[in-house]
Each structure stands twice: as structure tokens, then as C-alpha cells.
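Coordinate-derived values only; no laboratory data. The shown structure was predicted, so the numbers you read here are calculated from the model rather than taken from an experiment. No Cβ is skipped: glycine too gets one built from the backbone with ideal geometry, and neighbour counts run over all protein chains shown.
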Amino acid sequence: MTETASLQHGIHWQTARQLLASALQVEPPQLDAEAAIGRTERWDSLAHMRLVLVLEEHLGRTLTTEEMLALESLADIAAFLDGAP
Amino acid sequence: MTDWRPGRQLKLQTENYRLRSLTAKDATDTYVGWWNDPEVQNSLGFEPRQWDTARAAQHIRRFDNRRRFHVGIFPREQELPIGFISIFLEAEQRALTNIVIGNKDYWGRRVVIEVRQTVFDWLFNDMGVFKIYGKVNARNFPSIFNYKAQGFKCEGVLRLHGRGFDGTRHDLLMFGILRDEWQAKRQEEKRQEEKTQEETGQ
């Protein structure tokens, strides 16, 4: 099982997908499992800003610099939510 | 690609924009407005400057078009710039750049990526630069996106290095890319482009 496939079974995969879709202003089914910076056209600079802000709103706290820097794909977001305090 | 010689205006073209070194005459109300705009300056981690045209012209004159460039970004067929990119050639074949899109209608329209692609090609291919780097406030998420999208690596976090307009301290990030990394990325982009053209029959 690939890392991405493994993450799809994580408890936060759908949440990650919904949050990213919200930031990219698309419907969740429009996002494929490999969505990432440089691969997903709708993932532009303003979408990236919205992504960080929706994640902070979801968690109710500010992301650390290290957490924010790790967000480069849907899989990264799911992995982050799986491990987030 | 360009007929630039030391001391002469730098002129480059991208698909959608003309780039040319600004002169003191370009210190228009529009240009000054970017330095005084809280939203533009706060995104960079600065307070609005409260400049007038004389102060802005003084700033532009500091760029000599030899080692320091202050280059306006003009949409084709338009007389007023929408922003600028500053370039500082340093020792050891390093270049520091920063870019500001002052016209908010152009935010989120990939101007930064398009402009930097042309400027970085010039720096690496024509100017013999080995490494390009930049600094960014850790809360400037659009800028961080642009660095990542162009293959830059975050090389360092200067903890709580700066203070934002609201008084809170923030980390400063150092992003860098080496010539080999840039050229490999550009070749891969060209391969992808050719593949897409083959698939679409264009």
C-alpha cells in the first residue's frame, strides 16, 4: 500500500479533502488523491493562504511555521490532521 | 534575450508582461501608493511608509542597473506598472530578489511565477548566478506558496525575527534555489509541456 493510499484510510482523509476543497473553491469530488502544489491548477497563492486559514479555524489555533511549511499536498494535510494536537 | 549592459535599463519580456528598470519618472502616485498601502505593506511584514513622490524617486535612484535592479512589471499594452521585482547581485554568484504586486487586481493571477521565471532564467543563464534566495515573513502564505511552486527549498527559519504591523513577532524564512535545481525544473516543465501538446494534438 502506498503512503497516499494508507492515508486515505486515516480518520482525517475526508476532512482534509473538504478543507482543501474549500480553500481551492471546488467540490471535494473534484480533488484527486494526488492533489498537490504544482500539480493541481486551482492550488494557487491565494488558495494556499485560504488553506492555512481554514486549517487554523478548524483547529482553533495558529499553525506553527514547521506545520505550515509541511503542507504541500492533500496527503500532507491528512497526515498533519492525523497527528495534530 | 536582452540587450542589457551594465548601467543600462534592464528590459525583459514574459508571455503577458513587459519588464523594465524603473526610473525616477516612474515614482507616480500609483507607485507611491503601494509603499503607503497598509494591505500591501502588511503582507510583507512592514508598516505603511508614508512616502511622497520625492522619497519614492530617491528610492528608485538607489538602483544602479549594475548590481542592483528595480524592475517594473507592466501588463502588455499598459503604461502603468502593477508591481516590481528588485534584484541584488551579491558576492559569490548569489542573487537576492524580492517582488511586490501592488495592484491587487493581479493578486492570485500567477504574476509572480511568470515574472520570476523569466528573471531567474536571465540570472542563471546569462548572468552566471549560482544561487538565488529570498526572505519571507512566515505569515505571508501566498509568497511561501510561490517559492514552493518554483522549486525553492526553505533553508532556514529565523525564529521570531521580525515584528508585524500589529506588534506580534513572526519567524522569517529563508528560501533558496541552486542553478542546477532551477535548470532541472525548467527542463521538466518543458517535457511536460511537450507531452501535453502531443496529447492534445497542438
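Couple of notes before you dig in:
Yes/no per residue for (1) in contact with a Pro (Cβ under 8 Å, 6 or more places away or on another chain); (2) closer than 27 Å to B:Ala138 by Cα; (3) surrounded by fewer than 18 Cβ atoms within 10 Å (Cβ to Cβ):
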position: B:Ser43; (1), (2), (3): yes, yes, no
position: B:Arg49; (1), (2), (3): no, yes, yes
position: B:Thr53; (1), (2), (3): no, no, yes
position: B:Asp64; (1), (2), (3): no, no, yes
position: B:Arg68; (1), (2), (3): no, yes, yes
position: B:Gly72; (1), (2), (3): yes, yes, no
position: B:Pro75; (1), (2), (3): no, no, yes
position: B:Ile87; (1), (2), (3): no, yes, no
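- Checking B:Val119, B:Val111, B:Val129 one by one, the residue that is of a type in the set (A, V, I, L, M, F, W, C), touching a strand residue (DSSP E or B) at 6+ places or on another chain (Cβ under 9 Å) and within 13 Å of chain A (Cβ to nearest Cβ) is B:Val111 and no other.
- Residue match in region B:151-164 (condition: in a helix (DSSP H, G or I) and within 25 Å of B:Glu92 (Cβ to Cβ)): no
- Looking at A:Thr40, A:Thr62, just one residue is outside any helix (DSSP H, G or I), over 21 Å from B:Phe152 (Cβ atoms) and within 14 Å of chain B (Cβ to nearest Cβ), and that residue is A:Thr62.
- Any hit, region B:144-155, residues being of a type in the set (Asp, Glu) and more than 17 Å from B:Lys185 (Cβ to Cβ): no
- Check on B:Glu181, touching a Gly at 6+ places or on another chain (Cβ under 8 Å), in a helix (DSSP H, G or I), touching a residue at least 12 places away in the same chain (Cβ under 8 Å) and more than 10 Å from chain A (Cβ to nearest Cβ): yes
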